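Notes follow the structure.
Only the coordinates and a few stated rules stand behind these numbers; no lab work does. If you're wondering where the values come from, they're calculated on a predicted model, not measured in any experiment. When we count neighbours, we look across all protein chains shown, and the Cβ atoms used for this are built from the backbone with ideal geometry, even at glycine.
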Amino acid sequence: MAQPLTEQELHNLAMNIVGKELEESGYEFLGVNSKLRKDPQFVALKDKTLHFIIVRAIRYPQDAHTYDPVFMQTMKEHALKFEARTFYAGVGLGHGSDYAKPVIKDQAYSMVYKGLQEI
């Protein structure tokens, strides 16, 4: 029977999508945390600058590019203590044939991802 991905599996999928993009863009990973609600997900170095990247898997009908400004401000203040830049990576995930339906294990998925948004 077709099983929807769990919250942790969706999060892992979003992490893989963002991680691959970071790797291809030349980021060096210093820390990776894939546990739900443990932030930031990626601490990475690029051009000698530290980057904190917060990843969120978003389900339809929520907007993948909208984030909690209060939480992100808290993360930004934390990052500034380390002279790091802060980014949000929201990945909208849905079923392959219908974005409005949940992602099913071992089936195609669709995504809405516009890349990193600096906070």
Of everything in the range 49-103, what is loosely packed, with under 14 Cβ neighbours inside 10 Å and farther than 26 Å from LEU5 by Cβ? Give them in sequence order.
THR49, PRO69, VAL70, GLN73, THR74, GLU77, LEU80, LYS81, PHE82, GLU83
Which residue pairs have Cβ atoms under 6 Å apart, sit 6 or more places apart or on different chains, and have a first residue in the range 72-95 that is among the charged types (D, E, K, R) and a second that is surrounded by 20 or more Cβ atoms within 10 Å (Cβ to Cβ) and assigned to a strand (DSSP E or B)?
LYS76/THR86; ARG85/HIS51
Looking at the range 1-60, which of its residues are over 13 Å from the mean Cα position of the chain (by Cα), part of a strand (DSSP E or B) and either closer than 17 Å to GLY96 by Cα or hydrophobic (A, V, I, L, M, F, W, C) (or both)?
PRO4, PHE29, LEU30, ALA44, LEU45, LEU50
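Suppose we filter TYR88, TYR67 for residues that are assigned to a loop (DSSP other than H, G, I, E, B), under 12 Å from the mean Cα position of the chain (by Cα) and of a type in the set (Phe, Trp, Tyr); which single one remains? Spell out the reasoning first.
On the way: TYR88 fails: assigned to a loop (DSSP other than H, G, I, E, B).
Matching residue, one of TYR88, TYR67: TYR67.
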Answer residue from the range 17-48, given it is closer than 19 Å to GLY92 by Cβ and of a type in the set (Gly, Ala, Ser) and is surrounded by the fewest Cβ atoms within 10 Å (Cβ to Cβ) among those:
SER34
